[in-house]
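Student: Once you've had a glance at the structure underneath, I'll fire off some questions.
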């Protein structure tokens, strides 16, 4: 089943095509790897899907609904979560508060009840506290829950970034370079977490420069260059694809 | 529990103050503190969303003039005019700042400044609003046959308005709305990613802040019984920022109150050296900002002894707060 359908998506910066006539499908339940050299348009693609950029042309269809041109908060509400390349966190807050505050979409009760701090509102808050702990437990951050997010080591900051994205209850999760800058042990931990998330039924699109990791976790890989799709296939097919090798290393004659 | 007792005791002292301090001048100072606290808190609620308003004076003026004109020209009772003042101020904010916010926080800063200037100019130039020489003989508030004349009666009115303001802000900050504001303040783009409609939440904070500036303006008008447009100058907007800054920007309720108290009482303490007053005042403010960047309310955290007590307090509550966290 197709979860996300992208058709003819384009975004130019001045004369430069960051994403150019891109057609792409993400199937429910898979981990889709997105690779390409620097400037290939991977992060721009994420910014387009999550609503930070408005596409100039093309359509984005999520679960059968056209979400092209919606604002980021509307897209988050429809079930697309996202983690940032540089761990974007609420730095002044503890790990627990980060995720707790991130649970904005879970509140169903009225504003008045919240304002008056009624029993129902307190119950709702308690439920969210428990959900927060659940996420921290799954992500292995529970022992650090009272640490300030800004004080965490880089690897944990990235994990917290993913935890925050999980707090929006996404059905599609976009991860921008989740293991970049991590040491091998941390990277292994992250791979484990990512597959765990997939096993829970959340579809993932992962952008990553670490080839070993992306080959390991992806069910399918799409390679981009100059904003265009140059290859699509299973990990081993991609690693042998001539166009991909060329994009990364340059043409043979140039050597 | 000790905290609750302390709060209750503080509240009792505030209620009983007019009977302890039987001096009209001191009560007048208290009234000023209460009034300015409300202006500062209005700044703070926007600052929580990392919006800097330079227009508190303007919205203060809208409230003051709305209430005055309603009472004097239309014979509206004070209490209704008080509410109308808040609503008028909130409406002006909604109409003008909703556009400013669309543009961004920096534009918001600039536009609040301009709006504040325009409001003062309009109040001075248009004869209907009393002109530059102002409006005199504004009626005092009444309940039935009781007229608010004494400083004591105004003290209770101001205390009531400030308490209402504090309670409403406290309830907002405690709720999910307050949490969304916190998120926006820490990182607007991440907040947006968590599904928070940053624009609407910021607009809400702005309108609420301006509503209370309007309420405060109404009180001011019927307390002074005189309105002059130049009262609502740019300096007054800056003062609203100073209250929050000196008290401590991260203390969204207590900060502006503490700051207003310092700003009102400091000149009084410097009265014996009146000719040097502005200099000492200025230097002291600079010292506070430089050496206490987190405001005077951060003093307990900065001194080891007091920090030790805070540690014990945290232990009693079962919170594992480390010294490292406290210092942050």
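Taken together, the values in this text are just the output of simple stated rules run on the coordinates, not laboratory data. As the structure is a prediction and not an experimental result, all values here were calculated from the model. Cβ: placed from backbone, ideal geometry, glycine included. Neighbour counts: every protein chain shown.
Student: Being in contact (Cβ under 8 Å) with a residue 12 or more places away in the chain, surrounded by fewer than 22 Cβ atoms within 10 Å (Cβ to Cβ) and outside any loop (DSSP other than H, G, I, E, B) is the filter here; which residues of region A:61-96 pass it?
Tutor: Scanning region A:61-96 gives A:61, A:65, A:74, A:77, A:94, A:96.
Student: Here's another thing I want to ask about it. Out of the strands (runs of 3 or more DSSP E) lying entirely within region A:135-248, which hold 2 or more residues that are away from chain B (no Cβ under 14 Å)?
Tutor: Here the list reads A:203-207, A:220-225, A:228-233.
Student: Filtering region A:100-132 down to residues that are facing chain B (nearest Cβ under 10 Å), assigned to a helix (DSSP H, G or I) and within 25 Å of the chain's Cα centre (by Cα), which residue is nearest to residue A:4 (Cα to Cα)?
Tutor: A:105
Student: Could you count how many residues in region A:1-49 are part of a loop (DSSP other than H, G, I, E, B) and over 22 Å from residue A:78 (Cα atoms)?
Tutor: Residues flagged as part of a loop (DSSP other than H, G, I, E, B) and over 22 Å from residue A:78 (Cα atoms) within region A:1-49 amount to 8.
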